[in-house]
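These notes are about the structure you will find just below.
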Amino acid sequence: MANKTETAAKAVFFDRDGTLNVDVHYLHRVEDFAWMPDAKEAVRYLNDRGYLVFVITNQSGVARGYFPEQDVLTVYEWMQNDLKKSGAHFDGMYYCPHHPHGSVPEYTKDCDCRKPKPGLINAACEKYHIDKRQSLLFGDKVSDMECAENAHIRGVRYQSGSLLACVKHALGDD
Ligand SMILES: [Mg+2]
Ligand SMILES: [Zn+2]
């Protein structure tokens with residue numbers, strides 16, 4: 001589909017726990033989910049400005065045997081449905097279910113996708129022909145910033161307050 005006349009896509013990548021939603025350890029039940037302030041508004045803002053919006057998240061609870069991989073997808077589906085009510089959407093989610101010291105053999109490995117490795121971002125960029133120079137990653141941890149650096153995209157640290165305000169500030173729209 002991509003060709004030389006097509007404009008490359010620009011994207012925003014959001015870490016999940018601690019960035020889009022309140023970080024309760026190993027969140028895997030919808031009942032425990034709470035959006036960060038203005039998180040849905042931030043996604044809508046980016047949708048409206050032509051950014052592809054992705055969730056990129058480490059979910060080592062799968063490798064640790066705390067919850068099945070399906071729970072990651074169920075939470076994501078719930079997030080999508082809730083966003084829809086606000087006229088917003090994600091374009092995709094990339095997650096790492098692995099951990100080098102897990103307890104579930106099939107997920108226990110030193111993979112290339114666990115942040116701060118850039119595998120999740122690179123996979124999205126390849127599939128969607130994303131221009132990294134126009135793209136950003138928002139995350140709450142140093143490891144997210146390292147991931148952005150490793151993927152050669154701009155990283156923006158978010159820790160509290162309005163996620164929309166953080167996004168606008170990063171884009172120079174405030
Ligand atoms: Mg986080
Ligand atoms: Zn992985």
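The values are calculated or read from the model by the stated rules, or taken from the named source; none is laboratory data. On a predicted model such as this, the values are computed, not experimentally measured, just so you know. No Cβ is skipped: glycine too gets one built from the backbone with ideal geometry, and neighbour counts run over all protein chains shown. To get the accessible areas, we keep the full protein, side chains included, count just its heavy atoms, and leave off ligands, DNA and RNA. Shrake-Rupley method; radii C 1.70, N 1.55, O 1.52, S 1.80 Å.
A few points about this structure:
- Summarising the amide proton neighbourhood of Y51: residues at separation of 5 or more, or on other chains, whose placed amide H is nearer than 5 Å comprise an empty set.
- Residue of G61, G102, G119 that the Gaussian network model of the chain assigns the largest fluctuation, springs spanning Cα pairs under 10 Å: G102
- Axis angle, to the nearest 10 degrees, between helix 69-84 and the longest C-alpha principal axis of the chain: 30 degrees.
- Remark: the stretch 142-149, residue by residue, has Karplus-estimated 3J(HN,Hα) of 4, 5, 5, 5, 5, 4, 4, 4 Hz, where x stands for each Gly or Pro and the curve is 6.51 cos²θ - 1.76 cosθ + 1.60 at θ = phi - 60°.
- Shown for the stretch 15-168: the carbon plus sulfur share of the solvent-accessible area, taken with all protein chains present and a 1.4 angstrom probe, equals 48%.
- Dipole orientation for the chain: of the candidates P37, G155, I130, I130 has the Cα lying most toward the positive pole (charges on Cβ; Lys, Arg +1; Asp, Glu -1).
- Around F138: net Lys/Arg minus Asp/Glu count, Cβ-Cβ under 9 Å: -2
- Rounded if a/c under 1.5, otherwise prolate or oblate - the stretch 11-90, Cα gyration tensor axes: prolate
- Springs between Cα atoms under 10 Å define the GNM used for the chain, and in it the highest mean-square fluctuation of H152, H129, H25 occurs at H25.
- Think of a 1.4 Å ball rolled over the protein heavy atoms: the chain then has 51 Å² of accessible area per residue.
- Under Karplus coefficients 6.51, -1.76 and 1.60, residue-wise ³J(HN,Hα) of the stretch 158-174 in Hz, glycine/proline x: 10, 10, 6, x, 6, 5, 4, 4, 4, 5, 4, 4, 5, 8, x, 9, 9
- Exposure check, 1.4 Å probe, all protein chains in place: V104 carries approximately 40 Å² of accessible surface.
- Separation of the alpha carbons by more than 21 angstrom is noted, of K115/K141; K117/K168; K40/K85, for K117/K168.
- Candidates per trypsin sites (Lys or Arg not before Pro) in the stretch 1-65, loop by DSSP, up to 11 other Cβ within 10 Å: K4
- Choice from D38, D144, D17 with maximal GNM fluctuation in the chain (Cα, 10 Å cutoff): D38
- Cα lying deepest toward the dipole's positive end in the stretch 1-111, options L73, N21, Y51, charges on Cβ: Y51
- For the stretch 15-168, the square roots of the Cα gyration tensor eigenvalues, ordered a ≥ b ≥ c, give a/c of at least 1.5 with a/b no greater than b/c, which places it in the oblate category.
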